[in-house]
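**Q** I'd like to ask some things about the structure below.
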Amino acid sequence: MPQEPPLTQWQFPPATDADEHGVVGVGADLEAGTLLAAYRQGIFPMPIPGRRQVAWWSPDPRGILPVDALVVSRSLRRSLSRYRIRIDTAFVDVVRSCADPRRDGGWITPEIEAAYTNLHDLGWAHSVETWDDSGALVGGLYGVKVGGLFAGESMFHRAPDASKVALVGLVERLTASGATLLDVQWLTPHLASLGAIEIPRKEYLARLWEALQRPARAFETESTPDRSS
C-alpha cells in the first residue's frame, strides 16, 4: 500500500478559482504531501512555459480518457503482439525519457523528476513500460494513482506505437483495479484519436470526488497486452 507522507504546509485555492489560463497559483513546493493534496483537489503542477517556476493548474475544460472508451485501431491491435508491458520496473528511465531535452515542448525539470521519483518510492507514482523482444525499453508513460484516479503526466516512444501500447496496458490495469478516472490534463489530437474527450471542470471535480472514494488496488506487474480488445 502507498505510504501517506507528512501533510503539506501549503493551502491551495479551490480549483474553481483558476484564472482564464487554468492557473490556480504559483510557487509552493514539490514535496509528496503537496503533490497529493493538489491531485486530490483537481490540481497538478507544471512549470510556466519558458520559466522554471512551478504553476498549479486546473484547466477548464479538462481532458480525460474514459477507461471504457479507449480506441484501439486495427494497426494498434497488430502492434500489441510485438511488445511486453511491465509496471514500475524502470520508473526513473521512463521519466528521464519523457524529459529528454530534444523533445519539443519539454517541461520536466530535474526538480520534477526528483519529486515524482519520491512519489514513486512512496507507492503513489507508477510507470507503465513497453519492452521489445530484445529487452529494450522502447516506450512508456508515468503518472500518479490515488484511489480510482490515475493522473497521467507524460509518455514517450522509441518504436512505432510503443507509447500507445503502454496506454492500452494502463487502461487494462485501471479497469482491473477498479479505477474510474484517467486524467490526461489537456486534450490533444493524438489523445483524441485514442478516445480522449474534454469535460467541464465542474464535471471533472465531481468525477474526481467519486474516484477518490475507491480503494487503491495494485496493478498487475507484467503481461503481454490483450490482442483481442
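The values are calculated or read from the model by the stated rules, or taken from the named source; none is laboratory data. Please read all numbers here as calculations on a predicted model, not as lab measurements. All Cβ positions, glycine included, derive from the backbone under ideal geometry; neighbour counts span all protein chains shown.
**Q** Name the pairs whose Cβ atoms lie under 8 Å apart, with the first residue in segment 189-202 and in contact (Cβ under 8 Å) with a residue 24 or more places away in the chain and closer than 16 Å to F44 by Cβ, the second in a helix (DSSP H, G or I) and of a type outside the set (A, V, I, L, M), and 6 or more positions between them or separate chains?
**A** The qualifying pairs are I199/R207; R201/T16.
**Q** Moving to a separate point now. What number of residues within segment 162-176 are surrounded by 18 or more Cβ atoms within 10 Å (Cβ to Cβ) and either at positive phi or not charged (D, E, K, R) (or both)?
**A** Selection size over segment 162-176: 10.
**Q** Still on this structure, I have one more. From the list R201, R217, pick out the single residue that is among the charged types (D, E, K, R), more than 28 Å from T130 (Cβ to Cβ) and not assigned by TED's automatic domain parsing to the domain that holds V23.
**A** R201
**Q** Then there's this: Condition check: closer than 27 Å to W10 by Cβ, in contact with a Leu (Cβ under 7 Å, 6 or more places away or on another chain), among the β-branched types (V, I, T) and at pLDDT 95 or above. Does I43 satisfy that?
**A** So I43 fails the test.
**Q** So, one more: I'd like the full set of residues that are in a strand (DSSP E or B) and more than 27 Å from D29 (Cα to Cα), limited to segment 113-156.
**A** Listed by number, the residues that qualify are E129, T130, W131, L137, V138, G139.
**Q** For segment 8-47, enumerate the residues that are polar (S, T, N, Q) and touching a strand residue (DSSP E or B) at 6+ places or on another chain (Cβ under 6 Å).
**A** Result: no residue meets the conditions.
**Q** Residues that are in contact with a helix residue (DSSP H, G or I) (Cβ under 7 Å, 6 or more places away or on another chain) and surrounded by 13 or more Cβ atoms within 10 Å (Cβ to Cβ), at least 3 per element: which helices (runs of 4 or more DSSP H) completely within segment 1-111 meet that?
**A** Counting at least 3 such residues, we get 32-40, 91-98.
**Q** Out of all the residues in segment 182-210, which are loosely packed, with under 15 Cβ neighbours inside 10 Å and not β-branched (V, I, T)?
**A** Result: W186, P189, H190, S193, P200, K202, E203, A206, W209, E210.
**Q** Let me ask something else about it. Keeping to segment 1-44, report how many residues are within 27 Å of L187 (Cα to Cα) and more than 20 Å from the chain's Cα centre (by Cα).
**A** 13
**Q** Select, from A179, A159, the only residue that is surrounded by fewer than 20 Cβ atoms within 10 Å (Cβ to Cβ) and either not assigned by TED's automatic domain parsing to the domain that holds I199 or not in a helix (DSSP H, G or I) (or both).
**A** A159
**Q** Which members of segment 113-129 meet the condition of being among the acidic types (D, E) and crowded, with 20+ Cβ neighbours inside 10 Å?
**A** Across segment 113-129, the qualifying residue is only E129.
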